[in-house]
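Working notes for the structure below.
The values are calculated or read from the model by the stated rules, or taken from the named source; none is laboratory data. All values derive from a computational prediction rather than experimental measurement. Cβ coordinates were reconstructed from backbone atoms using ideal geometry, including for glycine residues, and neighbour counts include every protein chain displayed. Keep in mind that these areas ignore ligands, DNA and RNA; they rest on the heavy atoms of the full protein, side chains included. Shrake-Rupley method; radii C 1.70, N 1.55, O 1.52, S 1.80 Å.
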Amino acid sequence: MNCIHERARIEKGYAQQLTEWAKRWKQLVEKGPQYGTVERAWCAFMSEAEKVSELHLEVKGSLMNEDFEKVKNWQKEAFHKQMMGGFKETKEAEDGFRKAQKPWAKKLKEVEAAKKAYHAACKEEKLAISRETNSKADPALNPEQLKKLQDKVERSKQDVLKTKEKYEKSLKELDSVTPQYMENMEQVFEQCQQFEEKRLRFFREVLLEVQKHLDLSNVASYKNIYRELEQNIKTADAVEDLRWFRANQGPGMSMNWPQFEDDEWSADLNRTLSRREKKKASDGVTLTGINQTGDQVSQPNKHSSSLSVQSNTVQSVQSSYNPFEDEEDTGSTVSEKEDNKIKNVSSYEKNQSYPADWSDEESNNPFSSTDANGDTNPFDEDASPAMEVRVRALYDYEGQEQDELSFKAGDELTKMENEDEQGWCKGRLDNGQVGLYPANYVEPIQ
């Protein structure tokens, strides 16, 4: 029963580990860079783990609910406990052997006693003969003493004859009861053999049941799991994935090239990127449409927009739009309050002198997360407040950027903003450091 119980715990632990592994890696793959049919094939391994986990939980249930209970019930039926300890069946077997041995054992004690008496008489006879022989050579002994020694020799001889006769008689009586003793002992022994045969057959039956429950190779659903896994892997098509990527992330994607626009702000094109999206788009090309009051026209560059701006030129940024972003990502619109904010920024720029070439980097861009007056940027999507929540790190994380937090598994921190579309949260460490971290690396503290 202990053996089956320990194996059931192992099956349960393995099932839990498979589930945790599948959940963690499914999230990592879905949030990772993989895409298309290969991503689905990769995720098929997590589905396989979840299904196998369910099967091992069924194995655990079969071991405990069927095999363990079967042995437990058989034990109650086959071995009955006594008030004074031990089992009734053990006591009955011992009493049966003792009863079969009792008559023969009694005769055996008589034989042992007769044997001991006979050997003692023989020893006494030898001593008496030895004394008599020595006395004949001693002239100092009188005839009366010699006569006593001779009488003792005669008595010793008679005792030897009597004890020998009794010894032989007890042996004959023992031999006469030996067949009955053997028959009774064999009868009790066969009863024990029958009981042991039932136990051995039951154990063999239980072991076969355990083997059937452990052997998943004969389970149809288990075979189907790996048949489906193989099919999912074989459906991975590199050509199809490349075609999809070209149509959605490459030259085949829908474009929205910069066009000449009027001075007025266009709400539907006023789309801003969050801090996180700016960093994620660093590998692509960001096209920024900029309209000036002067005659100068912005020239798109791979990493930055280049302008020649006079000191008294009033700038008006129409849109910060990346044509290589998914069209499903909708930007925030500009309210009247934000229009006033931008007007203040434009009036501030009148008094500023800009170099001939300027960069979109946050350090020089007046429309980044912090404006020229030190206020927060109303166009930053991360500026929305959220309720602070204490969370605990599930894994170690080393920040890859300057604005990312680093922590160890088990560390506690405060979540300041909810998860964004990219799967990142804003939080604060206990030492006061504020930054971003992956949302799936922490869990709320209950």
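Numbers below:
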| quantity | calculated |
| --- | --- |
| Between the stretch 78-152 and the stretch 1-71, the alpha-carbon center distance in angstrom | 74 |
| Whole-number percent relative contact order across the stretch 10-92, with pairs defined as alpha carbons under 8 Å at least 6 apart | 33 |
| Accessible surface of Asp151 - all protein chains present, 1.4 Å probe, nearest 10 Å² | 60 |
| Between the stretch 179-233 and the stretch 404-446, the alpha-carbon center distance in angstrom | 54 |
| Order by protection proxy (mean Cβ within 10 Å, highest first), peptides 165-176, 77-88 | 165-176, 77-88 |
| Accessible-area value, Phe68, 1.4 Å probe, nucleic acids and ligands omitted, Å² | 30 |
| Solvent-accessible ranking of Ile4, Ile445, Ile10, largest area first, probe 1.4 Å | Ile10, Ile445, Ile4 |
| FRET efficiency, Gln158 to His119 (Cβ-Cβ, R0 22 Å, nearest 0.05) | 0.85 |
| Amide proton proximity set for Gln433, modelled H, under 5 Å, gap of 5+ | none |
| Table column - 3J(HN,Hα) (Hz), the stretch 92-99, Karplus curve with 6.51, -1.76, 1.60, x for Gly and Pro | 4, 5, 5, 5, x, 5, 5, 5 |
| Val219 accessible area, assembled protein chains, probe 1.4 Å, Å² | 50 |
| 5 angstrom amide H check on Ser406, placed H, neighbours 5+ away | Gly399 |
| Within the accessible area of the stretch 88-212 (1.4 Å probe), percent carbon and sulfur | 54 |
| Shape of the stretch 389-444, Cα gyration tensor, a/c cut at 1.5 | rounded |
| Amide H contacts under 5 Å for Leu394, placed H, 5+ residues apart | Gly410, Val442, Glu443 |
| Three-way shape call for the stretch 52-146 based on the alpha-carbon gyration tensor, with the a/c threshold at 1.5 | prolate |
| ³J(HN,Hα), Karplus 6.51/-1.76/1.60, whole Hz, each residue of the stretch 230-240, x for Gly, Pro | 4, 5, 5, 5, 5, 6, 5, 10, 5, 5, 5 |
| Per-pair calculated FRET efficiency, R0 = 45 Å: Ala409 and Lys76 via Cβ, rounded to 0.05 | 0.40 |
| Cβ-defined net charge surrounding Lys164, 14 Å radius [Lys, Arg +1; Asp, Glu -1] | +3 |
| Spin-label pair Thr235/Gln433, simplified geometry with 7 Å Cα→Cβ offset, distance in nm | 4.4 |
